[in-house]
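Reading through the C-alpha cells given below for one structure.
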Amino acid sequence: MTDPVRILFEQLGISFALGALVGLQRERSDAVIAGLRTFPLITVLGTIAAALDQAAGAHGWVLAGGLLSIVLVMAVTNLHRLRQSAADYGMTTEVAILVMYVVGAYLVCGTRVIAVAVGAMVAVLLQFKPELHGMAARLGDQDLRAIMTFVLITLVVLPVLPNTTYDVTAPLNVVNPFEIWLMVVLMVGISLGGYLAYKFFGRNAGILLGGFFGGAVSSTATTLSYARRSRDDPASAHLAGLVIMIASTVVFLRVLIEIAIVSPQHFLDLAPPVVVVMGGGVVAGLVAWLLVRRDRSQPPEPKNPTELRSALVFAGLYAGVLMALSAARTYLGGQGLYAIAVLSGMTDMDAITMSTTRLVRAGASEGGLEASIGWRLIVVAAMSNLVFKWLLALAAGDGRLRRQLAWLFAVPLLVGVLVLCCWPA
C-alpha cells in the first residue's frame, strides 16, 4: 500500500470515528435530522470531497459543492418538518452538521490534531447542554459585565498597545505599555477566575471555600468585610479570623502563579522561600480550622473584579512600582528597594510581585535584579501585607478578631523573618 493511499485510509478512519462520536451523542439526545449513521457519513463526505478537490486541483469547488449539497438537504428536511409541526426547532444539530463536514475536510487540508480536537470539542459541547444552560442561568448582569469587561481588556485594549520598551534613562527604561497591560490582564484574569468560582461554589460551600475564593478575588476586601462583620457580631470573630487567614494564605499561592507566568525560568529561584512562608500560613490556618470547623457562614458577596477603573489603577500602580524599583536600583545602589516593597505590599501584592519578577527576568546585567534580591523583596512585601491586614482588623473589627489574627499572622511573619535571615543567598 502506497503512502498516499495509507494516509487517505487513516484520514477516513479518523473522520468516521469523529462523526460516530458526535452522532452517538445526537442519537442519545433524540435528534431528528441526524444521528449515529448520518454524522459519520457527513464527516466522511467532507474527507472525500477534500481529497477529490486536491487530486483534481479544483481550488475548493468540490468542497463548496459538497457543503452546498448538505445545506440543501438540511433545508428540504427542515421544511418538511415545519410543515408537519409548528414546533420551534433549534439549530444546534444543523450547525454541528456543518462543522463536522468541515472537520472531515480539514483532516485532508489541515492539521490532523486540530481536526480531532475540534471534533471532540463538538461532542463535548453537545453533551453538556444542561450544564451550560444552567451556568448561563446562574450568571447575573454583573457577572456578564465582568466577563465582557475582561474580553475588552484582553482582546481590544491589549493588542493595540505598543510592545516597545522606552530606551531612556532610569526609571523610564523599564516602561513597556504592552507588558504593563499584560500584567493587568493576568491580575484581572486571576481575580475573575476566583470571582466566578465563588459564584458557582463559594456561596454554599462554607468557610473553607469562602476564604479560598476571597483570597483569589481580593484578600484585602475579604479582611475588611469579615472585620466589619465581627464588629456587628462578636461571636463570629473566630470564624472571621479563620477566613481571613485562609484568604491571606491563598495570596501566596497567587504570588506563585504570577511568578510562574511572568518568569518561568526563574521560578525555582524565587518560589521556594515563598512556599516556606506560605507553609507557616497553612499551619496557622489548620490550627484555626480545628477550633472552628463546625461553624458555617455565608461568605460576603465579592465585588466585580474587572472594573476598568480598577484595571487602570492597577496599571498605574504596577508601572509606578516598576519605575520605583528601577530608580532605587540605579540611583540608590539597591538601597530603598525594601522600603518600596513594604509600601507596595501594603496596597497590592500583585504589583510588587509582577514588577519584581519582571526585573529578575531581565537580569542584573540588563538593569534588573538578582533572584536572591527578588525573592527577598516579595517576602518582605508579603509580610507587610499581613501587617496591613491586621491594621485593617484593628480599625474595623472586634477585639477578639484582633487578638486572634495577632497570633495567626505571627506564625507566617516569624517564618518570614527566619527565611530572610537564614535562607542561603
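Net length available on complete extension from L308 to L343 is 10.2 nm, with 0.36 nm assigned per residue and the Cα-Cα distance removed.
Ordered by the number of other Cβ atoms lying within 10 Å of each residue's own Cβ, fewest first, S248, S69 fall into the sequence S69, S248.
Computed from label points 7 Å out along Cα-Cβ, the spacing between S69 and V387 is 7.7 nm.
Can you pull the one-decimal nm distance between simple spin-label points at L155 and L139, each 7 Å off the Cα toward Cβ? Taking the two extended label points, one gets 1.1 nm.
Within a 10 angstrom radius of the beta carbon, how do I48, I257, I97 rank from fewest other beta carbons to most?
Working: I48 19, I257 14, I97 24.
Fewest-to-most Cβ neighbours within 10 Å comes out as I257, I48, I97.
For R28, R228, the sequence from fewest to most other C-beta atoms within 10 Å is R28, R228. The simple spin-label model puts a point 7 Å past each Cα toward its Cβ; for T111 and D232 those points are separated by 5.3 nm. Net length available on complete extension from W423 to T77 is 117.2 nm, with 0.36 nm assigned per residue and the Cα-Cα distance removed.
Between Y331 and I257, 0.36 nm times their residue separation minus their Cα-Cα distance comes to what? The span from Y331 to I257 would gain 23.5 nm if fully extended.
Throughout, read-outs are computed from the coordinates displayed, never taken from laboratory work. What you see is a predicted model; the values in this text were computed from it and never measured. Glycine gets a Cβ as well: all are built from the backbone with ideal geometry, and neighbour counts include every protein chain shown.
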